[in-house]
Structure formats: structure tokens, C-alpha cells
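Colleague: Take this structure, written in C-alpha cells, and hold onto it; I'll ask about it next.
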Amino acid sequence: MSDIELTAEAFAQLKKENSKLKLEANLRRSLSTQLEKQKKIADEAKQEAQEKSAELEVLSAKLAKYLSPQIYEQIFSGHQDANVTSQRKKLTIFFSDIVGFTDITEHLESEELTSLINFYLNEMSTIALKYGGTIDKYIGDAILIFFGDPDSNGYAEDASNCLKMAIEMQEKMRELTDVWGKNFSLKSALSIRIGINTGFCTVGNFGSDNRLDYTVIGSPVNLASRLESTAKPNNIIVSEETYLLVRDLFKLEEIGEIKLKGISRPVKYYEVISAQQAEMAPLKINTTHLKLEINASAFGEDDLTNLENIYLQMKQQVEQSR
């Protein structure tokens, strides 16, 4: 083979190798381009997923405000289905409302009324959540709360937490005595009344395929509502069923029996005596020759001190005369 033929063959081989190299380069560029496109698509998908996740978090936070935290947690953890289902449970039911609220609405502008009721409900709800109460609903100024679902600490503990909550709510209302006039143009301080009952209720999802409400129904709920409407301003009254669960933990005074609308039998009920009420109870002195009852709430601190000094002087004179 001549040198010319060898040179031609070498060029052909080089050309072939060059074409191969170009093909490999093109393939690399094409692969690189595809990888860049795929990376861009992946980044866009990741960003979209993050945006959707952020939107869901915002939506979830908004939805949480329409549900009691316990129910919200049950739904989003997968423990509670959105089906029309219910179950029987022994619950402690709490009802409260503002005394004379109808009259208040007639004297306030809608903006003032809205601000007032939102402030009040926020204060009460904060206390309810502190003690683990499931806030069922707000009915105007009324609040329905129950203990024992979705989680329960036992019948007695549930009832005890409900009473602790109720007492703290009344204490909070006393703390807010000066707030109503200054901030909401009210001529007198707000007061609430509270009714509490314990019994087996039906609790769960009620409604239609399109609209559900997680709530509680049954005669114990009705009784709690009736007791609440019977209570005096600033008072907490409980049924005998609740009393039997908490009588060793709280100071309660038997009021008697009452016939309530919608309740077939007379209901025995009790009043919760708070620390402040106990301090303001009548002072009684009963001896062989002396019976004295003093209405402590009618006296100032100096008056009570003077009475105490007089009593001590009388006691000392009696002891000296023996």
C-alpha cells in the first residue's frame, strides 16, 4: 500500500473519530440541557409545593379558629373522620351567659357591641382552654363547653376541671369590673351566671353530607342550660350528679330542689362557694347568753377591726369576772 493510500486511510480514520467525538459532545450537551431542564422543573415543582404548603398552613390556621383545638387536632391527626357519627359518653356540661345582655344590646352601637362580646368571649375562652374544656359553641353571649371528650381524665377529674374553670371565670369577671365602663361605655359591670351538670350525652358529628357540626346533645345538656338560667348573677350552680363527683374538693352549699321547664323530676342543686363568697359569709357568734350574726359585706375593714376589738374586750371581761 502506497503512502498516499495510508494517508487517505488515516484521514478517514481521523474523520471517523472526529465524528464520534462530535456525536459524544452533542450527546453530552443534550444530556446537560435535559438535566438542566429537569432540574428547573424539579425546582419549580419544589417551589410550587412549598407555596401550596404555605397556603395550606394559612388555611389550616384559619380553619383552626372555627374549631375547638381538641377537635381540630383530632381531625388533622386523622383520628376523627368527617362522617355523621356519634357516641355515648359521660360528660360534664357547662353553660354560661351574661346577665341582662338583651338590655345591653339596646344601648350599644353595633361596633361597640361587637368589640364588647369579642373581648368577653376571648377572656372566657382563654380560661376554658387552660383547663382543657372543649368549646362547643358561642350562642350570642352564651357559651357551651364540655369536659370528657375527645379526651377524658376520668369523670371526677373532668368535673373538677370544669368547676375550676367556672370559678376562675367568675374571678376574672370581678377583675374586669372597672373595664366595662372605661372601654365599652357600660353604666354597670358585667356579671355572668353559670350552670353545670354531669351525665351521659351523645357527642359527635351531627348534620348533613355537606355541613357537619361537632357538638353534644341529650337531657344532661338541657339540664345544664336550665340550671344556668336559674342561677343568680355571679353565681355557679351545679346538679347533684356533679356535686357527688366534686363534693370533697370544693365548698358547695345545697340550695334545695327546683322544678325546671322540660325536666320531669324535681332537681336538687348546689351553689359553689368561692373563696371570696366564703369570706363574705355572715359572721355568727353563738353562746349561752349571746347570739350574734354580722353581715360582713355591710362593713368596711376598719368597722370589722373595731368589732373584733370589742368582742375581745368583752371576752376578756367575762374571763376576769369568773
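The values are calculated or read from the model by the stated rules, or taken from the named source; none is laboratory data. This is a predicted model, so every value here is computed, not measured. Counting neighbours? That spans all protein chains shown, and the Cβs are built from the backbone with ideal geometry, glycine included.
Colleague: Output the number of residues of segment 112-160 satisfying the condition of being in a helix (DSSP H, G or I), small (Gly, Ala, Ser), in contact (Cβ under 8 Å) with a residue 24 or more places away in the chain and over 19 Å from Ser185 (Cα atoms).
Modeller: 4
Colleague: What are the pairs, 6+ residues apart or on separate chains, where a residue within segment 171-186 that is at pLDDT 90 or above has its Cβ under 7 Å from a residue that is part of a loop (DSSP other than H, G, I, E, B)?
Modeller: Met173/Leu190; Met173/Ser191; Thr177/Ala189; Trp180/Leu186; Trp180/Ala189; Trp180/Leu190
Colleague: Would it be correct to say that Lys232 is free of Cβ contacts under 8 Å to residues at least 12 places away in the same chain, surrounded by fewer than 20 Cβ atoms within 10 Å (Cβ to Cβ) and within 28 Å of Thr114 (Cα to Cα)?
Modeller: Judged against the criteria, Lys232 is not a match.
Colleague: Could you please let me know if Thr198 is modelled with pLDDT of 95 or more, assigned by TED's automatic domain parsing to the domain that holds Ala142 and assigned to a strand (DSSP E or B)?
Modeller: yes
Colleague: Can you tell me which condition Asp141 does not meet? The list is (1) modelled with pLDDT of 90 or more; (2) on the phi > 0 side of the Ramachandran plot, and all the others hold.
Modeller: (2)
Colleague: Against the definition (in the same structural domain as Arg226 (by TED's automatic domain parsing) and in contact (Cβ under 8 Å) with a residue 40 or more places away in the chain), how does Glu109 come out, yes or no?
Modeller: no
Colleague: Please pick out the residue among Ser225, Ser229 that is of a type in the set (Gly, Ala, Ser), within 10 Å of Asn197 (Cβ to Cβ), in the same structural domain as Ile194 (by TED's automatic domain parsing) and assigned to a helix (DSSP H, G or I).
Modeller: Ser225
Colleague: Based on what the data block shows, is Leu260 at negative phi, within 22 Å of the chain's Cα centre (by Cα) and outside any helix (DSSP H, G or I)?
Modeller: no
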